[in-house]
Every structure is written in structure tokens, then in C-alpha cells.
1. When you check residue 165 against the structure, is it more than 30 Å from residue 61 (Cβ to Cβ), touching a Lys or Arg at 6+ places or on another chain (Cβ under 8 Å) and either assigned by TED's automatic domain parsing to the domain that holds residue 90 or at pLDDT below 95 (or both), yes or no?
2. Is it true that some residue in region 251-258 is touching a residue at least 40 places away in the same chain (Cβ under 8 Å), of a type in the set (Val, Ile, Thr), within 19 Å of residue 304 (Cα to Cα) and not in a helix (DSSP H, G or I)?
3. Restricting to region 349-381, count the residues that are closer than 20 Å to residue 116 by Cα, modelled with pLDDT under 95 and either over 18 Å from the mean Cα position of the chain (by Cα) or surrounded by 19 or more Cβ atoms within 10 Å (Cβ to Cβ) (or both).
4. Kindly indicate whether any position in region 133-156 is more than 22 Å from the chain's Cα centre (by Cα), more than 30 Å from residue 36 (Cα to Cα) and exposed (fewer than 15 other Cβ atoms within 10 Å of the Cβ).
5. Would you mind finding the one in 93, 48, 52, 28 that is within 30 Å of residue 152 (Cβ to Cβ) and either surrounded by 14 or more Cβ atoms within 10 Å (Cβ to Cβ) or not assigned by TED's automatic domain parsing to the domain that holds residue 378 (or both)?
6. Restricting the first residue to region 13-36 and requiring it to be without any contact (Cβ under 8 Å) to a residue 40 or more places away in the chain, which pairs with a second residue that is surrounded by 13 or more Cβ atoms within 10 Å (Cβ to Cβ) and among the hydroxyl-bearing types (Ser, Thr, Tyr) meet a Cβ separation below 7 Å and a spacing of at least six or different chains?
7. Out of 318, 325, which single residue is among the hydrophobic types (A, V, I, L, M, F, W, C) and either under 18 Å from the mean Cα position of the chain (by Cα) or over 21 Å from residue 286 (Cβ atoms) (or both)?
8. For region 271-290, which positions are surrounded by 23 or more Cβ atoms within 10 Å (Cβ to Cβ) and closer than 14 Å to residue 197 by Cβ?
Amino acid sequence: MDPRTTPVGRILLKRGRTKPVAMHHPWVFEATIGKIDGNPGAGDLVSVHDHVGRFIGQGYFSPESKIPVKLFSWTEGETIDAAFWRERLKRAVELRTTFLQMNDPASGVRLVNSEGDGVPGLVVDRYGGFLVVGFLTVGMAARADLFADILCELTEPAGVFERPEPEISRLEGISRTPQTLCGEEPPECIEIVEGPAKFLVDVRHGQKSGFYLDQRENRLRAGELASGRRVLDAFCYTGGFAVQAALGGAASVTAVDSSASSLELAGKNAELNGVEVAFVRGNAFERLRMLHLEGETFDMVIIDPPRLARSRAGVTKALRAYKDANLSALKLLDPGGILVTCCCSGLVSEQDFLRALNDAAVDAARSLSVIERRGASPDHPFSPACPETDYLQCLISRLSD
């Protein structure tokens, strides 16, 4: 038997700790494991069983992770080989190209969304003709060449570039560097189209894979609402919301971020689209408070911070930060103003995020109505068995006073 395609070890879970995975939640947490039979190494295929040995699923073993197994097969005896993964990736690609009709070769699209596509530990973004891949588990990273070959066969890209995420690599025990897996080297920046806008994406040095494709529809919606308004975009990164607001006819756009390199690219994006945006470097939380003290007001404020809760222990602190940012934003809004506020921390529940927003409104003595509740773009599907994958929240609200 090939140890890369058939299980080389068995994971037995503790009594009473099987219900989530039995209901097809793919994550097997370290604390739920009672016994490991065999001697599986990092990246080896293992089978997972309940405490009496009844089969539950299969996944790759990540001994350094707090989630040592992420399940992707629920069929006992199923061979996990190139044909298995080709079918999974084909299904994911066809969701975008056939069902969602996201075929513009000049656009940016999430082609594979980890658990949301039944491929835990793999994300693939297409920017123009190039693919940017991220391996989030040691098992997927060990099969990088296999996945690159399948992706090249299915999508015929100009090149496939691997972009490791340092924090995840450290937690998972992955040791890889940015590299071209096949085809051409990507250029310094790749130009993509998003609705009326064009953006330069730095796939080598930018955050995540270079751009936040999950916010595509939310940026476009913000642009539609921005007409005639004085807009403030906090945590602007490379100017996605700001540029869409300017193209949507905003009276003025001010954008704040702490990263000099992000603001440099944001300026190029504004120039590329022929719009004027006042970019300000600074801590967005502090700058929001300072603008209020300076007597500035706006008709629309966009709050899109990076992930603030990276563990369950950090949720309380994150909620204080979300409240703080929204409190400052509400103080800056004129009556009838629009607040677009986002949370990409999957550990923060919808109820808790709404509570933080309401607490901010109460403290600011403002009356607020949520008019739209939005999430990630449709090329970022999530699994109902794994609610953590439904991570992005975007609330659009209007001040009624």
C-alpha cells in the first residue's frame, strides 16, 4: 500500500468527544484525541475513529497543530490519490466558472476555498492569468507539486505561485518559502478588474495572497452608496473600498492605514483609476478619535480592520476594539450618514458583533438602523458543518438622527 494514499495510522477519539466530527465538522482538535495507533508522520494520511473503533473519516496528520487532523473523506476505504484530489479541485473550479460564471480572465477570483470546497488546508486565488496558492496544513504542503500539476491541468494558468502565510506555517509546522511551482514567475504587480475599477495586486508581499477578494461585492455595494457623500475609509489597505467609493461618485474620499507600503500601492491604484483620494498614514483607531477631536464629519464611514481575534482567548479584547472603532466612526457621521462596518474574525459571532455595534451606538447616543447584512463574495463558499468558515461579516447601517 502507498502510505501517501492509504491510512498509516488510526486516531481514536475520547469517549463523548465525537459528535462534531460525526456531524462532518472537519476539525479534530488535539484535546479530543485519546489514542494514536501506528506511527504516522507529519503529513501522513490517517483514519479517525470513535473510542470503540468505529470509523468516522480520513485526513492528513499535523502533529504540531492544535488541530492535528482536518477531515476530507467520510468514506471508509476511500483511496486518497491524485484522482480523488483532481475531482475535488475540478468541482471547485467549475463552481466558479460554470455556476457563478466568474470567467473574466482579467478579474480576481478565489478558485479553491479550503473547507468550503471540501479541500481543508488549500486556498487558491486567480489574479489575471496567475494562480496564487496557500497550503495551510502540513499534509497539503507535502503534496504541493501534486496540487500544482492538477491546477495547471484544470486552469492552464500562466504560472502558479506559492505564497505561505507565516503565522499559519509556524502553528502548523510547515517550512516552505514563496516560490513559483510551475509556469512563469508572476510580475511585481498583477492588474485585475473589479467592476468599474482596476487594481494592482502585489502577490509577493501584500497581505494574504495580495488582495481581499472576499470583500469584492461589499466594495462594489459601498461604491453604489457613496455617490455625493464625503467618505472616510479606515484600515484602507491598498485602497479597495476607497477607490470604489471615488468611482461611485463620492464628493471626497479620505483613507487611513498604518502601512506605508500599502498606502504606496493604494496611491497607485487611485492613479490607475483616475480618482482623487486623500491617503493618510497612521493608526486607524487613533486617527478616528483625532478626526472627531478636530471637528471633522463625514457622510459615510467604512471600518474594515484586519482579523482582531486570532484565538478564543482574544475574542473579548477584539470585541472591545470593534466597539471602539465603531464608536469613533459613529461620532464622525452626520445625521443620515452610512456606516459600513466589517469583521473578518471567524471566532466573533454575529450576535456578539451586533452587540458591539449596538454598544457603540448607545455610547455615542446615536440611533442606528442596520439596512443590509452581508458576507463574503460567493466564490468564498462555507460549509454549514464548519460555521467557522463563515467568517466575514459586513453590516451596512444608516443613522436616523
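The values are calculated or read from the model by the stated rules, or taken from the named source; none is laboratory data. Just so it is clear, the model here is predicted, and its values are computed rather than measured. In this analysis, Cβ positions are derived from the backbone assuming ideal geometry, glycine residues included, and neighbour counts consider all displayed protein chains.
1. Details: more than 30 Å from residue 61 (Cβ to Cβ): no; touching a Lys or Arg at 6+ places or on another chain (Cβ under 8 Å): yes; either assigned by TED's automatic domain parsing to the domain that holds residue 90 or at pLDDT below 95 (or both): yes.
No: the conditions fail for residue 165.
2. yes
3. 0
4. Yes, some residue in region 133-156 is more than 22 Å from the chain's Cα centre (by Cα), more than 30 Å from residue 36 (Cα to Cα) and exposed (fewer than 15 other Cβ atoms within 10 Å of the Cβ).
5. From the options 93, 48, 52, 28, the qualifying one is 93.
6. Pairs that qualify, where the first residue is without any contact (Cβ under 8 Å) to a residue 40 or more places away in the chain and the partner is surrounded by 13 or more Cβ atoms within 10 Å (Cβ to Cβ) and among the hydroxyl-bearing types (Ser, Thr, Tyr), are 14/32; 17/32.
7. After applying the criteria, what remains is 318.
8. Result: 277, single match.
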